[in-house]
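Each reported figure results from applying straightforward, stated rules to the coordinates on display, with no laboratory input. This one's a predicted model, so the numbers in the text were calculated from it and none came from an experiment. All Cβ positions, even for glycine, are placed from backbone atoms using ideal geometry, and neighbour counts span all protein chains on display.
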Amino acid sequence: MFYREAGDFKTSYKSDQETFPLKLDKVLFWIAMAIAAFVVPFFLNEYWEKAIFLPFFIYALAAIGLNILTGYCGQVSLGTGGFMAVGAYASFKLMTGFPALDMFVVIMIAGLITAGVGVLFGLPSLRIKGFYLAVATLASQFFLVWLFNKWEWTYNYSATGQINSPQRDFLGIVVTGPYTKPWATYLFCLGFLFLFAWIARNLVRGRIGRSWMAIRDMDIAAEIIGVNPLMAKMSAFAISSFFVGVAGALYFAVWLGAAEPTEAFSIDQSFDVLFMIIIGGLGSILGSLIGAAFIVLLPVLFKNVFVGILGIPTDIAEFSQIILVGALIVFFLIKEPHGIVAYWRTLKGKLRLWPFPY
Amino acid sequence: MNEVNETQPTESVHGRTFGAPIMEMKNITMRFGGVIAIQDISFDILEGEIRAIIGPNGAGKSSMLNVINGFYHPQEGEIWFGGKKRSPMKPYQIAYQGIARTFQNIALFKGMSTLDNIMTGRFTHMKKGIVSQAIWKGAAEKEEYENREIVEKVIDFLEIQSIRKTEVGKLPYGLQKRVELGRALAAEPKLLLLDEPMAGMNVEEKEDMSRFILDVNDEFGTTVALIEHDMGVVMDIADRVVVMDYGKKIGDDTPENILKNQAVIDAYLGVAHE
Amino acid sequence: MFFLLDPFFYEIVISGLLAGVMYALVALGFVLIFKASGIFNFAQGVLALFAALTLVGFQTGQIPFAHLLSVFGFHVSHWGSGFPTIIALLFSLLVMIGLAWLIVQIVLKPLVNQEGIILFMATIGLAYVLEGVGDLMWGANVKELNVGLPEGPSEFILDTTDMFIDKLEISAAVVAIILVTVLTLFSAYTKMGRALRAVADDHQAALSVGISLETIWWIVWSVSGIVALVAGVMWGAKSGVQFSLSLIALKALPVLMLGGFTSIPGAIIGGLIIGLGEKLFEFYIGPMIGGATENWFAYMLALIFLLFRPQGLFGEKIIERV
């Protein structure tokens, strides 16, 4: 079986613009999806669910969200943690305020609320650019986390200041609370990721995606082709925040089950998601997924291999991990601003021609 | 005042006839602080013609173009477009009116492919909302391919098929200029503004570019207004020429007559300004 | 005007201004680097942490990477009782200069001519590396730092005005003021200072008159490393040397937004405004809305301010040419 495009001629604009231009890629993708949806759930235990798959799906969603804003629209945000908190607290209020609401609806509304907050904090982007904006987004991070600490209504006046997710279900299947089954939460989050990755892909390849990239690459030229900078930036903030809000809601309600703002939504969250898109690939949906997988798996790897097998002390493993992540950020920015996904493309390109490189 | 004119051709220059004025600049004055960039300039652009604005460096040509497409708002004067007086507008609103332009220093979207760059030119013609774009299948997809067909025509016209999927940041200068022209053409503008389209090109590239401009005008009937400071090219392709110097209009005529204009000769040969 | 009679008011004003001087000191490190290289150095706070860790390490005679070495079977921790403070300071200075060279060679040189935002993200990566390396070298435990500055409430002020002001804060302010003055004079009156400003104005032009960009960057990063050392010493003496010290960078960012990234007086005045503003806000408004407003007040202030004046108080107006 050869990885070839020979004979795979494009006869319409539709086939020219497909997500997977090669038939083989498409087939492989659907096989992988089928395995993820129909085979993996049967073999899933709680460790794989909580330590690997849920974090991966949820961070991947957040990374896609941030990539829309940063990778596609060029507006760097360091407020991801704060926006995840908005999604989480919105879902908490909805779950406790409207117990009959289906979880899918809860999470979608939480996303919409976050989108609104995102637009509000995105307004400065109309006046300020670049790292001025990046620093300004820190305001949302600090302010929102403070708000959820101090505004008792948001955590239903609980004595601990913590929020706990009650038991709720999606179409009759329990997806939150202490009695969830690994396969249920797994499929629930996978479904969200699949749906929103698809939506993101659709948005970035069409008119609105091009308007974002135009603003990113040269805002003055974007204006003369008819892009309203206000609309482009605000739509990027809204949609990005929507994704991040959905991720935040799933993060709290499905994955952690309980959260407390200072720890769960700290500025480290914002950096982690930013690192995912830098390492995975700025301006790429696939890159967001790869980056999320990388940042989620790295600590697991360090813990299991370095601490577990090699017996290196935990703190040293932890410091080395910090150094490695930082070094990789610098490395990718210097060598390959398009991230791991660029290597992936190069590899595929080589594979197509193999074994005759010309 | 234009209503009478719209029914019949108004002027003809070396055998070519044009429609009513598509754009009229009336007594435009533009100041930056104390500096006067444009001083009381009036001229018109007729439908279907190639109109050139020339002048030495710093004459205010680029400012004039920026006034036309809304980057600058003049302190005095009126701008009429399509027979109506234009109120002050943002550049993106002007794009919706059917004015497209290129820049002196190429302003392409460097991270996008040639195809995507030219597709952005179709922005004002695509109407589908965000929900239908998110779903893609159906309306948004159909709209995308309809516009893609027009873009492909532009690509064929400019003979840049082979670089369709190349990131424009990696293209040589001459091709980038061509892609930028393509982006403006894809908008199917009523008025196409070109800011020094030949700047930095060698003779062969200049010839290519001149041919494209003439063909655009000829085949699609697009009205073209261009800025150049290379007199030679302008004299060959323009129907009528406005000459600017130090923010003032010193001549407005056919290329042949412009060459005989003493004020223009002085400006170009550098007679000292008293 | 009831609050003018409140003795607390003056105490808050003074402690706010003193805190502001410290913010200004950190912000100054940012401004220096930004002016000379157009880099917004997010790692400035971690530089301060790193410098303070190194100083404590030299002072107490710690062996670097002791914990890491123990993994390979070398069980060492200290080589003696350490250097006297002044020697330790000198050595730390050298380390910061060496570090500046490494940063220029490894991170900055390959990123010449990149967009500001890419460089900004690179310094976030750099911050992580430095934090990890610092912890790995000297350990992550909280360390006490004592460089012999006076401490405790100033009796003189307490006796004469009834106000409680820490001597350490006063000495920190004095040191900061001296440093700011020296740097201002340096950039205004020395040949090197003029070269630095030339580079800030136009890289190409500076190169063409024979100013080596690399050398300039090295000097600038060294100077801001030294500023970081001073800031690290001051904050470290106040609240111990630990990870949270690197967070002072987050305090300095709104100062920069307020004062403008390119202005030394802007950094100072911005620092004072924010130090003063956040203390007053916390004291008078804080209790009404639950307190702990210091985390975000500065940011919100800067954000609202930026909406009206995007270039900051003293920053140069950003003019975009079409």
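Details
- Inter-part distance, the range A:29-87 to the range A:184-258, computed on C-alpha centroids, equals 13 Å.
- Efficiency of FRET between A:LYS181 and A:ALA32 - r from beta-carbon atoms, R0 22 angstrom, step 0.05: 0.45
- Simple spin-label estimate for C:VAL112 and C:PHE9 gives 5.7 nm between the two label positions (7 Å along the Cα-to-Cβ direction from each Cα).
- Distance between the modelled labels on B:GLU149 and A:ALA258, one decimal in nanometres: 6.2 nm (7 Å Cα→Cβ projection).
- Taking the DSSP beta bridges with both ends in the protein assembly as shown, the antiparallel portion is around 65 percent.
- Across peptide B:116-124, the average count of Cβ atoms from other chains found within 10 Å of a residue's Cβ is 5.
- When +1 charges are put on Lys and Arg Cβ atoms and -1 charges on Asp and Glu Cβ atoms, the dipole computed for chain A relative to its Cα centre reaches about 980 debye.
- Taking a straight Cα-Cα cut-off under 19 Å and skipping sequence neighbours fewer than 8 places away in the same chain, the lysines within cross-link reach of B:LYS84 are B:LYS26, B:LYS190.
- Residues A:CYS189, A:CYS73, sorted so that the one with the fewest Cβ neighbours within 10 Å comes first: A:CYS189, A:CYS73
- Segment A:ASP268-A:VAL39, extension gain: residue separation times 0.36 nm, minus the distance between their alpha carbons: 79.0 nm
- Computed over chain A: relative contact order in percent, which uses C-alpha pairs under 8 Å that are six or more apart: 28
- Judged by the mean number of other Cβ atoms found within 10 Å, the most tightly packed of the peptides C:114-124, A:299-309 leads the ranking C:114-124, A:299-309.
- Each Lys or Arg adds one and each Asp or Glu takes one away; over the other residues whose Cβ falls under 11 Å from the Cβ of B:GLU78, this sums to +2.
- Averaged over the residues of A:210-221, the number of partner chain Cβ atoms lying within 10 Å of the residue Cβ comes to 6.
- With neighbours defined as other Cβ atoms within 10 Å of a residue's Cβ, the residues C:THR190, C:THR262 order from fewest to most as C:THR190, C:THR262.
- Among C:180-188, B:145-153, B:118-126, the peptide with the highest mean count of other Cβ atoms within 10 Å heads the list, and the full ranking is B:118-126, B:145-153, C:180-188.
- The B:VAL35 and B:LYS170 beta-carbon pair, evaluated with R₀ = 35 Å, returns a calculated FRET efficiency of approximately 0.35.
- Using θ = phi - 60° in the Karplus curve 6.51 cos²θ - 1.76 cosθ + 1.60, the 3J(HN,Hα) couplings for the range C:299-305 round to 5, 5, 4, 5, 5, 5, 4 Hz; x is entered for Gly and Pro.
- Taking every DSSP beta bridge that has both ends in the range B:130-274, the antiparallel portion is near 50%.
- Using a cutoff of 8 angstrom between alpha carbon atoms and counting only pairs six or more residues apart, the relative contact order for the range B:3-269 works out to 26 percent.
- Note on B:125-138: average number of Cβ atoms from other chains within 10 Å of each residue's Cβ is 4.
- Checking the Cα-Cα distances for A:LYS23/B:LYS128; A:LYS335/B:LYS165; A:LYS93/A:LYS150; A:LYS150/C:LYS251 against a 24 Å cut-off, the pairs over it are A:LYS23/B:LYS128.
- Note on A:GLU336, A:GLU152, B:GLU204: ascending count of other Cβ atoms within 10 Å places them as B:GLU204, A:GLU152, A:GLU336, the fewest first.
- Beta bridges per DSSP with both ends in the range B:3-269, % antiparallel, nearest 5: 60
- Rounded to the nearest whole Hz, the Karplus-based 3J(HN,Hα) values (6.51 cos²θ - 1.76 cosθ + 1.60, θ = phi - 60°) of the range A:32-49 follow the sequence 4, 5, 5, 5, 4, 8, 10, 9, 3, x, 6, 10, 7, 10, 5, 4, 4, 5, with x at glycine and proline.
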